[in-house]
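Colleague: The structure's right below; bear with me while I get my questions together.
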Amino acid sequence: MPAIYDSILRDVHEVEPRAVIAGGAIRDEILGGEVKDIDVFLPDFTDDSKAMYESLYSKGWRLTNAITIGGYLKIGAMVATWRHPECPKPIQLIYKVGEWDPEALIRSMDFGACQVAYFGSGHFIYTAKFLFDIAHNKITLVDVPNEPESRRSARRAKSFKERYAGTDVVVDVGLGLRSEWPEHYVE
C-alpha cells in the first residue's frame with residue numbers, strides 16, 4: 001500500500017486505534033484503477049469524535065463535509081470527508097453504527113473485490129470472495145441487502161466496467177438477480 005495510507009492511519013489511530021481503511025481504495029490499488037477516495041471506517045460516532053476532529057485539524061487535515069447516511073452498508077453511518085495535507089484524494093471517515101467488527105464490515109461490502117481492510121503496517125484482512133475476485137480478474141456482486149442498495153450497486157457495476165477494461169463484472173448466481181442484471185449475469 002502507498003505510504004500515505006499508513007500516514008493516514010497513524011493520524012487516526014492516535015485517537016481511534018481500531019480504525020481501518022477498507023473497500024474501494026484498496027481494490028483500486030490492487031487492480032491498478034484510479035483511487036477516487038479513501039474510506040476509513042471507525043466505531044460509532046462517540047465523545048472521542050471531538051478529540052478526533054481536534055487531533056486531525058492540528059495535523060493540517062481540513063473537514064470538507066459531514067453527513068448522516070441511514071442504512072449505508074446495512075449499518076447506518078455518519079460520514080465526515082476530510083482533506084489530508086499530503087493526499088490529493090478525499091478521505092472519508094465513516095463512523096459505523098452498532099457493534100464494531102471489521103470482519104463483518106468487509107463481509108457487508110457489495111462486491112467481492114471490495115471485501116478487504118487495511119490496518120496499517122502491512123496488515124490486512126480479507127474474505128475468500130475478495131481472493132477469488134482478485135485471482136480471477138473479476139469484480140463480483142456478492143450482496144444486495146435491499147432495493148436502494150441494488151440501484152447503487154448497479155451504478156457501481158457500470159462504473160467498474162468502464163474503469164477496469166478486461167475485468168469481468170459479474171453477479172453471484174446465488175443472488176437470483178438474473179432479470180435485473182442481465183448484462184452482468186454469468187453461470
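Colleague: Order of ASP28, ASP48 from fewest to most other C-beta atoms within 10 Å?
Modeller: Ranked by crowding around the Cβ, least crowded first: ASP48, ASP28.
Colleague: How high is the FRET efficiency between LYS59 and ARG151 when r is their beta carbon distance and R₀ equals 41 Å, given to the nearest 0.05?
Modeller: So the FRET efficiency works out to roughly 0.65.
Colleague: Something else about it: Test of the criteria: in region 1-64, which trypsin sites (Lys or Arg not before Pro) are in a DSSP loop and have at most 16 other Cβ atoms within 10 angstrom of their Cβ?
Modeller: Counting only loop positions with at most 16 other Cβ atoms within 10 Å, the trypsin sites (Lys or Arg not before Pro) in region 1-64 are ARG18, LYS36, LYS59.
Colleague: A further question on this structure: Taking other Cβ within 10 Å of each residue's Cβ, how do CYS87, CYS114 sort, fewest first?
Modeller: The most exposed by this proxy come first: CYS87, CYS114.
Colleague: Further, regarding this structure: Could I have the simple spin-label model distance between ALA3 and ASP168, label points 7 Å from Cα toward Cβ, reported in nm to one decimal?
Modeller: Calculated label separation equals 4.0 nm.
Colleague: Follow-up. Compute the separation of the alpha-carbon centres of region 1-66 and region 87-126 and state it in Å as a whole number.
Modeller: One Cα centre to the other: 10 Å.
Colleague: Continuing with this model, one more query. Exceeding 31 Å between C-alpha atoms, which entries from my cross-link table qualify? They are LYS50/LYS161; LYS50/LYS158; LYS96/LYS158; LYS36/LYS59; LYS36/LYS129; LYS59/LYS129.
Modeller: LYS50/LYS161; LYS50/LYS158; LYS59/LYS129
Colleague: Can you give the charge dipole size of region 3-127 about its Cα centre, rounded to the nearest 20 debye, using +1 on the beta carbon of Lys and Arg and -1 on the beta carbon of Asp and Glu?
Modeller: With Lys and Arg at +1 and Asp and Glu at -1, about 220 debye.
Colleague: Using a simple spin-label model with points 7 Å from Cα along the Cα→Cβ vector, what separation in nm is obtained for ALA51 and PHE132?
Modeller: 4.1
Colleague: Give, in nm to one decimal, the length gained when the segment between SER159 and ALA66 is fully stretched (0.36 nm per residue of separation minus the Cα-Cα distance).
Modeller: My answer for the length gained is 31.0 nm.
Colleague: Expressed in nm to one decimal, what extension gain is obtained for the pair VAL79 and ASP101 from 0.36 nm per residue of sequence separation less their Cα-Cα distance?
Modeller: Extra length available between VAL79 and ASP101 comes to 6.1 nm.
Values in this text are rule-based calculations from the coordinates and carry no lab data. Since the model is a prediction, treat every value here as computed from it, not as a measurement. Positions of Cβ are backbone-derived with ideal geometry, glycine not excepted, and every protein chain shown enters the neighbour counts.
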